[in-house]
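The values are calculated or read from the model by the stated rules, or taken from the named source; none is laboratory data. Bear in mind the structure is a predicted one, so any value in this text is a computation, not a measurement. All Cβ positions, glycine included, derive from the backbone under ideal geometry; neighbour counts span all protein chains shown.
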């Protein structure tokens, strides 16, 4: 059975982040499309969720991009995160930059930006690295959801 977790963060961390994210800017649209599709392709294929490359055309960018923050270094999009109220969504790090601590730094930035006592996120059980990351900063699994 394919599952996802709802995870909840209920306490403040003392860890600080050294990164600064900026609101999404459409000048990064092509880079964001590549980032999003490359980060989710393998998972969507493994879970049988079509289309594997979710962003097919520019209509994706018509709504909700005001919730997206991006990490850019020297003109290159390194990662991003969407903040939807008290929910962290679509935390992405470019594949070539994964394993370098950017994911944790973006997560810590998001926690500070939301600054709430009850922050949630959803993650596929398949994405074990992300589950470990979230647990390492204090998220706990509060619900298991079947992926259909």
Q: For residues that are under 21 Å from residue 105 (Cβ atoms) and surrounded by fewer than 15 Cβ atoms within 10 Å (Cβ to Cβ), scanning just segment 35-80, find the one that is modelled with the lowest pLDDT.
A: 38
Q: Give the number of residues within segment 88-107 that are over 22 Å from residue 33 (Cβ atoms) and either buried (at least 17 other Cβ atoms within 10 Å of the Cβ) or within 12 Å of the chain's Cα centre (by Cα) (or both).
A: 3
Q.
Anything in segment 108-118 that is closer than 16 Å to residue 21 by Cβ and either buried (at least 16 other Cβ atoms within 10 Å of the Cβ) or touching a strand residue (DSSP E or B) at 6+ places or on another chain (Cβ under 8 Å) (or both)? List them, or say none.
A. 108, 109, 110, 111, 113, 114
Q: List every residue pair whose Cβ atoms lie under 8 Å apart, where the two residues are 6 or more positions apart in sequence or sit on different chains, the first residue falls within segment 64-79 and is in a loop (DSSP other than H, G, I, E, B), and the second residue, located anywhere, is surrounded by 15 or more Cβ atoms within 10 Å (Cβ to Cβ).
A: 64/82
Q) What tally of residues in segment 81-97 results from selecting those that are part of a strand (DSSP E or B) and more than 17 Å from residue 127 (Cα to Cα)? A) 4
**Q.** Where residue 20 falls short, out of the listed (1) part of a helix (DSSP H, G or I); (2) loosely packed, with under 15 Cβ neighbours inside 10 Å; (3) at pLDDT 90 or above
**A.** (1)
